[in-house]
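The next block holds one structure in the form of structure tokens; read it before the comments.
The values are calculated or read from the model by the stated rules, or taken from the named source; none is laboratory data. Note that this is a predicted model, so its numbers are computed, not measured. Cβ sites come from the backbone with ideal geometry, for glycine too, and all protein chains shown count toward neighbours.
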Amino acid sequence: MISAGIDCGAKKTKTVIMRDGKIAGKGIVLAGFDLDKAVQDSYKMALRQAGIRSEDVESIGGTGAGKEAVKNADELVNEIKAMARGAFYFFPDARTVVDVGAEEGRAAKLDEKGNAIDFAINEKCAAGAGTFIEAMARALETPLEEMGPLALKSDKQIPMNAQCVIFAESEVVGLIHAKTPKADISRAIHDAMASRIVSMIRRIGVNKEVVMLGGVAYNPAFVEAIRRELDLERLYVPDYPEFGMAVGAAVVAAEKAQGR
Amino acid sequence: MQIEMREEKKQEFWRWKESNWKNPDIEWRSGKFITLGIDVGSVSSQAVVMVDGQIFAYSNMRTGSDSPHSARKALDFVLEATDMPEDRVDYCVGTGYGRVNVPMADRTITEIACHARGANFIYGPEVRTVLDVGGQDIKAIQCDEKGRVTNFLMNDKCAAGTGRGMEVFADLLGISIDEVGERSFQVKEEPPPVSSTCVVYAKSEALGLLRKGWSREKVLAAYCRAMAERIYSLVERLGVKPQLAVTGGLAKNSGVIERLMFMIGLKPMNSKWDAQIAGAIGAALFGYALCQKGKGRKK
């Protein structure tokens with residue numbers, strides 16, 4: 001059984017090719033302005049890596065905010081279902097899954113079969129999404145990928161008052177003027193964002209085994225801030241968290257094709 | 001050519017002109033009580049000097065990163081317009097977001113009380129609802145015929161609907177903040193509002209609209225409309241009692257105010273005074289009331 005999952009996110013389009021329940025290839029491109037092209041490019045990239053011809057793909061699942069652009073999809077999978085199945089694929093014990101992308105954050109509670117039984121979404125406010133750290137990295141004049149490692153160097157807690165990205169920018173500028181070390185500011189930023197995400201998770205209740213998906217889960221300081229805020233021993237993060245939803249879509253597409 | 005382009009890039013469209021003014025019909029020497037109101041907001045600071053409860057002079061400036069300094073600057077700027085020495089002031093009231101940092105204040109009063117009192121002075125006793133839209137927050141206030149607060153609601157968590165959001169758009173579209181109101185009406189027909197609430201997302205949405213070929217005016221109209229809707233949802237929650245007066249910096253933005261008043265179904269109120277100084281006026285009036293009760297500064 002060969003299936004594909006294509007996740008059209010706000011910032012990047014991700015494709016996963018799965019053969020008999022195993023990931024065979026991955027493709028990722030910036031979404032840009034031409035979503036159709038991004039879908040095709042990431043799909044081709046994943047096929048090439050998997051060494052599979054497109055005619056051998058039996059079923060394609062599309063998901064993500066821009067899933068309508070996945071014109072070749074056999075199945076459009078809603079984002080909650082995709083993240084639930086993706087988390088379940090990596091960690092069958094998962095009971096809570098959190099996906100933080102560039103412009104949206106979602107949390108879902110799973111049953112023992114990997115079905116979502118409750119969920120919460122934030123798609124209205126940038127303070128609960130990757131955009132927050134991106135904007136703050138600009139204010140701090142620090143490359144985005146250095147923000148996390150920088151924050152991990154700090155053991156100081158500075159509370160941020162602002163909840164809004166726009167106001168937080170001014171607050172960060174104020175901290176810079178007050179000569180606060182960059183590491184401490186970066187930690188304050190991560191803590192602030194984590195508290196936003198955690199309050200969303202708490203709306204649906206926290207189960208012990210928490211899985212994190214989405215591009216923001218690459219950021220070690222963010223994962224650590226969430227763990228601290230949730231007061232858990234550890235969080236489960238797959239090797240390629242941003243492919244989580246694409247994997248979920250591919251799993252669902254395969255199930256549908258097999259008539260399950 | 002290159003130099004010109006660089007200059008254009010540097011222009012700050014959110015920046016408005018600071019001003020001071022003196023009333024030529026009032027002689028401070030013959031006044032009994034001279035009171036001062038200083039409103040240090042998140043974005044702008046105002047100082048108002050009143051002679052026996054009448055506006056004698058005022059200043060309006062941008063707030064810096066340091067509140068005590070901003071209060072000082074606003075006071076110096078208003079005194080510059082007059083020939084009155086600072087020690088002639090009988091009482092000073094500080095208000096606004098930075099009110100605890102007004103070093104020369106004899107006491108502080110919340111900006112909610114001051115804006116209600118100031119709106120009552122500016123627009124008259126028929127005002128029952130005051131909408132104060134400032135740089136970083138929106139307040140909807142209900143008051144009685146004397147400008148006393150009876151109820152209020154505020155949003156200070158999110159930049160949507162605040163002056164700060166409009167500044168972001170002025171910069172994005174390259175239209176001076178003083179012109180945004182007028183320019184937003186230069187459209188053939190009213191476009192649907194920008195759908196994102198969050199200013200960060202609204203910005204991306206606006207870029208998309210520009211790429212689709214919308215004119216800057218049309219995008220501005222869509223954002224003014226979105227802001228009006230956002231403010232409307234707050235004032236609606238509190239309940240509108242006529243008349244409704246708008247204070248704060250956004251009162252000067254006809255693009256938002258006219259759309260908002262149309263939604264509410266009331267006519268915008270007019271006044272000869274700048275509605276941005278309402279908070280400082282209220283503060284100075286509270287000072288005047290205290291002086292009349294003999295609670296002024298001991299000399």
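Has segment B:111-134 got any residue that is under 15 Å from the mean Cα position of the chain (by Cα), surrounded by fewer than 24 Cβ atoms within 10 Å (Cβ to Cβ) and in a loop (DSSP other than H, G, I, E, B)? No, segment B:111-134 contains no residue that is under 15 Å from the mean Cα position of the chain (by Cα), surrounded by fewer than 24 Cβ atoms within 10 Å (Cβ to Cβ) and in a loop (DSSP other than H, G, I, E, B). Within segment B:21-45, the set of residues being out of contact with any helix residue (DSSP H, G or I) (no Cβ under 7 Å at 6 or more places or on another chain) and part of a loop (DSSP other than H, G, I, E, B) comprises B:N23, B:P24, B:D25, B:I26, B:E27, B:G31, B:K32, B:G41, B:S42.
Search segment A:217-255 for residues being crowded, with 24+ Cβ neighbours inside 10 Å and of a type in the set (F, W, Y), and hand back the single one that is nearest to A:G114 (Cα to Cα). Ranking the qualifying residues of segment A:217-255, first place goes to A:F243.
Selection of segment A:75-101 for residues being touching a Gly at 6+ places or on another chain (Cβ under 7 Å) and more than 14 Å from A:G244 (Cα to Cα) yields A:E75, A:L76.
Here is a check on your reading of the model: is A:R203 in contact (Cβ under 8 Å) with a residue 60 or more places away in the chain and within 13 Å of chain B (Cβ to nearest Cβ)? Give the steps one after another, and end with the answer.
On the way: in contact (Cβ under 8 Å) with a residue 60 or more places away in the chain: yes; within 13 Å of chain B (Cβ to nearest Cβ): no.
No.
Has segment A:129-141 got any residue that is touching a Leu at 6+ places or on another chain (Cβ under 9 Å), touching a residue at least 24 places away in the same chain (Cβ under 8 Å) and aromatic (F, W, Y)? Checked against the condition, which is being touching a Leu at 6+ places or on another chain (Cβ under 9 Å), touching a residue at least 24 places away in the same chain (Cβ under 8 Å) and aromatic (F, W, Y), segment A:129-141 yields no hits at all.
Residues of segment B:149-200 that are free of Cβ contacts under 8 Å to residues at least 24 places away in the same chain and crowded, with 23+ Cβ neighbours inside 10 Å: B:V200 alone.
Among the candidates A:K153, A:K81, A:K71, which residue alone is in contact with an Asp or Glu (Cβ under 8 Å, 6 or more places away or on another chain), more than 26 Å from B:G135 (Cβ to Cβ) and in contact (Cβ under 8 Å) with a residue 24 or more places away in the chain?
Values: A:K153 fails: in contact with an Asp or Glu (Cβ under 8 Å, 6 or more places away or on another chain); A:K81 fails: in contact with an Asp or Glu (Cβ under 8 Å, 6 or more places away or on another chain).
Answer to the selection: A:K71.
Scanning segment B:163-218 for residues that are hydroxyl-bearing (S, T, Y) and either touching a helix residue (DSSP H, G or I) at 6+ places or on another chain (Cβ under 8 Å) or modelled with pLDDT under 95 (or both) yields B:S176, B:S184, B:S195, B:S196, B:T197, B:Y201, B:S204. Considering the conditions (1) surrounded by fewer than 19 Cβ atoms within 10 Å (Cβ to Cβ); (2) closer than 16 Å to A:M193 by Cα, A:A127 is excluded by exactly one of them, (1).
The numbered conditions (1) small (G, A, S); (2) within 14 Å of chain B (Cβ to nearest Cβ); (3) within 21 Å of the chain's Cα centre (by Cα) are all true for A:A178 except (3).
Quick check: is even one residue across segment A:75-84 within 14 Å of chain B (Cβ to nearest Cβ) and in contact with a helix residue (DSSP H, G or I) (Cβ under 6 Å, 6 or more places away or on another chain)? Write out each step before concluding.
Going residue by residue through segment A:75-84, those that are within 14 Å of chain B (Cβ to nearest Cβ) are none.
Checking segment A:75-84: not a single residue is within 14 Å of chain B (Cβ to nearest Cβ) and in contact with a helix residue (DSSP H, G or I) (Cβ under 6 Å, 6 or more places away or on another chain).
Note on segment A:1-120: enclosed strands (runs of 3 or more DSSP E) holding 2 or more residues that are in contact with a strand residue (DSSP E or B) (Cβ under 6 Å, 6 or more places away or on another chain), in the same structural domain as A:A253 (by TED's automatic domain parsing) and charged (D, E, K, R) are A:12-19.
Taking segment B:187-222 as the range and being outside any helix (DSSP H, G or I), within 11 Å of another protein chain (Cβ to nearest Cβ) and of a type in the set (S, T, Y) as the test, the residues that pass are B:S195, B:S196, B:T197.
Taking A:S170 as the residue in question, decide whether it is hydroxyl-bearing (S, T, Y), farther than 26 Å from A:R106 by Cβ and facing chain B (nearest Cβ under 10 Å). First the steps, then the outcome.
Numbers: hydroxyl-bearing (S, T, Y): yes; farther than 26 Å from A:R106 by Cβ: yes; facing chain B (nearest Cβ under 10 Å): yes.
The answer is yes for A:S170.
Listed here are the residues, each with its yes/no results for (1) closer than 17 Å to B:I277 by Cβ; (2) outside the structural domain of B:C114 (by TED's automatic domain parsing); (3) not polar (S, T, N, Q).
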position	(1), (2), (3)
B:V48	yes, no, yes
B:S59	yes, no, no
B:G64	no, no, yes
B:S67	no, no, no
B:G94	yes, no, yes
B:R99	yes, no, yes
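A quick yes/no check of all residues on (1) within 14 Å of chain A (Cβ to nearest Cβ); (2) over 16 Å from the mean Cα position of the chain (by Cα):
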site: B:E145; (1), (2): no, yes
site: B:R148; (1), (2): no, yes
site: B:C158; (1), (2): yes, yes
site: B:T162; (1), (2): yes, no
site: B:G165; (1), (2): yes, no
site: B:L173; (1), (2): no, yes
site: B:D178; (1), (2): no, no
site: B:E182; (1), (2): no, yes
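Summed over segment A:107-136, residues that are closer than 24 Å to A:G148 by Cβ and hydrophobic (A, V, I, L, M, F, W, C) total 9. From A:A151, A:A135, A:A162, A:A139, grab the single residue that is within 12 Å of chain B (Cβ to nearest Cβ), among the hydrophobic types (A, V, I, L, M, F, W, C) and in a helix (DSSP H, G or I). It is A:A135.
Scanning segment B:223-256 for residues that are of a type in the set (V, I, T) and in a helix (DSSP H, G or I), which turns out surrounded by the fewest Cβ atoms within 10 Å (Cβ to Cβ)?
B:V235
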